1. What is the antiparallel percent of DSSP beta bridges lying wholly in segment 235-547, to the nearest 5?
2. Report, in debye and to the nearest 20, how large the dipole of segment 2-226 comes out about its Cα centre when Lys and Arg carry +1 and Asp and Glu carry -1 on their Cβ.
3. Nearest 0.05, what FRET efficiency do residue 288 and residue 108 give at R0 = 56 Å with Cβ-Cβ as r?
4. Using the Cα centre as the reference, give the magnitude of the dipole from point charges on the C-beta atoms of the chain (Lys, Arg: +1; Asp, Glu: -1; all else neutral), rounded to the nearest 20 debye.
5. Kindly rank 239-246, 394-401 from highest to lowest mean number of other beta carbons found within 10 Å of each residue.
6. Once the mean 1/r over all distinct Cα pairs of segment 2-226 is inverted, what Kirkwood radius in angstroms do you read off?
7. May I ask which residue of 34, 166, 155 lies farthest towards the positive end of the charge dipole of segment 2-226, with charges of +1 (Lys, Arg) and -1 (Asp, Glu) on Cβ and the Cα centre as origin?
8. Which order do 107, 21 fall in if you start with the one that has the fewest other Cβ atoms within 10 Å?
Amino acid sequence: MKIALSSMQINPGDCQANYLKMQAQIKEAIAMQAELIVFPQNALSGTYLGELWQNDDFCQFADSFNELLIEASDQIAIVWGNVKYRHGHLFNCAFFAWQKETRMKVKHPEHHFMDEALYFEDSAIDSEIEYKGELLKLNFGTDTEADVFNINLDHHPYCRDLMCCLHHSGVYVNALCVESYGKNVFICPGGPAYYEDGELISSAPFLHDGLTLIDTQQPNHQKHELCELDVMLYGLKTFDAQVLGGKMPWIIGLSGGLDSSVNAALITMAFGPDRVYAYNLATAHNSSATKQNAQQLADALGIRLNNGAITQLVEASRDVLCNEYGYDDSKWPSLVMENIQARIRGHLLSSFAAIHGGVVVNNGNKVEVALGYCTLYGDAIGVLSPIGDCTKCDLFALSKQINELYEKEVIPWNLLPEVSDKIEWETPPSAELKNDQLDPMKWFYHDQLLDDLLSGMDPCEYLRAYQSKELFAGKYGFWLKLYGLDDPQEFVKDFCWFTSTLRRNAFKQLQTPPILSLSSKPFGTIPVIQGHAVYPQCEKLLKEITEA
C-alpha cells in the first residue's frame, strides 16, 4: 500500500488554517497516487489548549471540520485526529474515512503533561477497518496489536529520555508543533515512521513540514535521527513566531559565563544577529576573563555587545537603605548586596527591553532553578528560559556541538571543564557577585542526582545503595570519589544540603519563566509542594551512614 504520512506544522487553536494545510496535502497525496493519507493526533486543533477545551463554541467549531474531511475522501482514504463534540460531551478521536464511510476510535484520557480527563471523556468505541485487503487498527501513542496494520497517531513532545517506537507493523505519525501550556513550551518533532514487526524500516526527517510517501511493498529504508540542538532552535523560532510575532528584539545579559554564552548562541542561531542585543552588566567583582569571554563570543556571533558597569546603581541602593531608612550595612549578610546587584541587572535588562520594544531571555539552567540559585526579579526574569530544562552537563555537550557547527570557538573553551582523575576549570562557574565567589554545586554529580530525584528515584533507596557500596559501582561512583563524598560524613552533609535546598526553593521554581521543555520531568509539569516533608526512614539511614 502507498501511504502518505503528514508532518504538517500544526498551529495550536487555529482549526481553519490547519484544515487548509490538510486540504492541500490531501490533493498532493492524490497526485502522488497514495491510497491512504495519515495526519497526526489533534491535527486540526492542537492538543494543549487548556480552557479552550471547555469552550462549547470552540469545540463545536473544531468538530465541524470532520464532515469536511469525510467529504474529501472520495479518491483517497484519510486518517486524522480531532475531537468529536456531542451535546456537551467531548471525545478525543482518531477517524478513518473512505468514500464518505467512517470509522473511529476514542482515546482514553491520559494524565501526563495535561490531565486529559479534565476535558475529554472516555468511550470504548474502537471500530475495525478493512481497506485494500488489509485489516487496519487505529491507535494512539505507541500501543499496537499483532496481526493487523497499526496506524498510530500521536502528539508526543520531544523528550531526550525517550524515543517512541512501535512493537508491531504499522505507521507512526507524531505531531509537528510547538505548544505553550502553563510554564512549559512543548515541542513535538514530527518525523513519521514505518515499522515492520517492530523494526524501524524508514522514517521521514524530523522537524520538517511536509508529506512523505511510503510504499509498504518497496520501502526506501531511509532513517533520520533527531538532534536536540535542532529541536531547541525549532522551538525558539516557532515560539517567537506564534507568541511574539517574529520581529521583536531579544535582550540578553551576557556575563561571559557558560549559561549566557550558550543562550546567546541559541537566540542568534534562531533569530539572526540583528535581533539580538547583548549587555555586559559588570559588577566590581567581574573578572577580566569573563569580560573577555563576553566580547569574544559577541564577535564570533556578530551580535552587538553593550558594555557597562552597575557599580553606581549598587552604591546608590546602599546609600538609600542606609541614609534614608537607617540600616547599617556592616550588619547585613553578604547575600543582601549580592541580590541587590542581581536585581539591578534585572531592572536594567527590563529597561533595555522596553526601550527597544523587545523581550528578555532568561539564562537560568535546570540545576540553578531547582536549587534557587537565582534572584527573583533579578536573573530570574524573562519571557522564556531556553536552557531551563538543561543541566550544566547538558550545556557542556551543547557548547561543543555549537562550536563544531560554527567550525570555530564560539562558546569559549575556558568555560568547559577538563575531566580526568580530577576536574579542572580554567574559568570555574561563578555568579561573580562577591570576591572569589564559586558556585556551590558539585557539577556532574548534582546534575545526575537532580535528574534521578525528579524522575522518581526513592531517596531511601539511594541512601541504601550508598550504604551497601552498590552506588560506587554505577554512574555515581566516579563523582562520589572525585568530590570526596566517599567520606560518609561529607556525603551525608552534601545530601542534606542538596535535598533541603531543593525543597525550600520551591517558591522560586514556581515563579521562573516558561521553560523550553526537553526532558520527561521539566519544571512546570512536576507538582511542586512547598514545605518540609519528614521521612523517618531517611533520617535513620542518614544517621547509620554517619556513624558507620
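Every number in this text was worked out from the coordinates using simple rules, so none of it is lab data. Everything numeric here is computed off the predicted structure, so don't read it as measured data. Glycine gets a Cβ as well: all are built from the backbone with ideal geometry, and neighbour counts include every protein chain shown.
1. Values: 2 of 16 bridges.
Around 10 percent antiparallel, to the nearest 5.
2. Details: 14 positive and 32 negative charges, 91 e Å.
Here the size comes out at about 440 debye.
3. Values: r = 60 Å, r/R0 = 1.07.
After rounding to 0.05, the efficiency reads 0.40.
4. Working: 41 positive and 71 negative charges, 225 e Å.
The dipole magnitude comes to about 1080 debye.
5. On the way: 239-246: 15.8, 394-401: 18.2.
Taking the mean over residues of other Cβ atoms within 10 Å, the ranking is 394-401, 239-246.
6. Numbers: mean 1/r = 0.0578 Å⁻¹.
Averaging 1/r across every pair of different Cα atoms and inverting gives 17.3 Å.
7. Of the options given, the answer is 34.
8. On the way: 107 23, 21 19.
So the ranking, lowest neighbour count to highest, is 21, 107.
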